[in-house]
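Contents: one structure, followed by commentary.
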Amino acid sequence: MFGKSTLLATLGLAATLLLAPAGAAFAQARDAGELHAALHLTEAQEANWRAYQMALESDPVQQARHSSAQMMMSSLPTPRRIDLLDANMQADLEVMHRQGEATKAFYATLTPDQQKTFDRQTLPPPGGGEGR
């Protein structure tokens, strides 16, 4: 059985993940303009780039859901907080999958050299921190 400290740590981690911006690990970990410039896209690839960027944009509905959940957390009993976190994490997972599919679709349109550049530019920094 889990101890009290394990449950509290799990709830804290889940709340942190819930309130983190979705999609941050994809193209937003690096400046999109810098990535765009480094890829040297052809005219034919520009429409794919725009579709890719649109797929990664923040969703106002998701942001509203996160804000609402954050405001409700302190007034909910623990079982309802867990249910809310679970529902929000499932919705965030769906967004992540959609963004992942958009990333793979865009990546497939790149040349092998562009793919290497994309891989290098979007690699998370060591230790999982933000920035370079």
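Could you run through the range 35-61 and say how many residues are in contact with a helix residue (DSSP H, G or I) (Cβ under 6 Å, 6 or more places away or on another chain) and part of a helix (DSSP H, G or I)? Walk me through it before giving the result.
First, the residues of the range 35-61 that are in contact with a helix residue (DSSP H, G or I) (Cβ under 6 Å, 6 or more places away or on another chain): 35, 38-39, 41, 48, 52, 55-56.
Those left that are additionally part of a helix (DSSP H, G or I): 35, 38-39, 48, 52, 55-56.
Total satisfying the criteria: 7.
When the residues of the range 56-95 are narrowed to those that are among the acidic types (D, E) and under 29 Å from A32 (Cα atoms), which ends up modelled with the lowest pLDDT? Break it down into steps so the answer makes sense when it comes.
Taking the range 56-95 first, the residues among the acidic types (D, E) are 57, 59, 83, 86, 92, 94.
Narrowing the set further to residues that are under 29 Å from A32 (Cα atoms) leaves 57, 59, 92, 94.
Details: E57: 84, D59: 78, D92: 88, E94: 90.
By that ranking, first place goes to D59.
Here is a list of conditions, (1) closer than 30 Å to L35 by Cα; (2) assigned to a helix (DSSP H, G or I); (3) at pLDDT below 90, and R132 meets all of them except one; can you say which number that is?
Single failed check for R132: (2).
Which is assigned to a helix (DSSP H, G or I), surrounded by 15 or more Cβ atoms within 10 Å (Cβ to Cβ) and basic (K, R), of R65, R80?
Numbers: R80 fails: surrounded by 15 or more Cβ atoms within 10 Å (Cβ to Cβ).
Step by step, each of R65, R80 is checked, and only R65 is assigned to a helix (DSSP H, G or I), surrounded by 15 or more Cβ atoms within 10 Å (Cβ to Cβ) and basic (K, R).
Just checking, how many residues over the range 68-77 are in contact with a helix residue (DSSP H, G or I) (Cβ under 7 Å, 6 or more places away or on another chain) and assigned to a helix (DSSP H, G or I)? Spell out the reasoning first.
First, pick out the residues of the range 68-77 that are in contact with a helix residue (DSSP H, G or I) (Cβ under 7 Å, 6 or more places away or on another chain): 69-70, 72-73, 76.
Subset that is assigned to a helix (DSSP H, G or I): 69-70, 72-73.
Number satisfying all stated conditions: 4.
Taking the residues in the range 22-54 that are under 11 Å from the mean Cα position of the chain (by Cα) and aliphatic (A, V, I, L, M) as candidates, determine which candidate is modelled with the highest pLDDT.
Step one: list which residues in the range 22-54 are under 11 Å from the mean Cα position of the chain (by Cα), which gives 22-29.
Still in the running and aliphatic (A, V, I, L, M): 22, 24-25, 27, 29.
On the way: A22: 41, A24: 47, A25: 39, A27: 40, A29: 41.
Within the range 22-54, the match that is modelled with the highest pLDDT is A24.
Quick one: in the range 103-127, which of the residues that are among the β-branched types (V, I, T) and not in a helix (DSSP H, G or I) is surrounded by the most Cβ atoms within 10 Å (Cβ to Cβ)? Before the answer, list the steps.
So in the range 103-127, the residues among the β-branched types (V, I, T) come out as 103, 109, 111, 117, 122.
If we keep only those that are not in a helix (DSSP H, G or I) too, we end up with 109, 111.
On the way: T109: 17, T111: 13.
This residue is T109.
The values are calculated or read from the model by the stated rules, or taken from the named source; none is laboratory data. Model, not experiment: these values are computed from the prediction. No Cβ is skipped: glycine too gets one built from the backbone with ideal geometry, and neighbour counts run over all protein chains shown.
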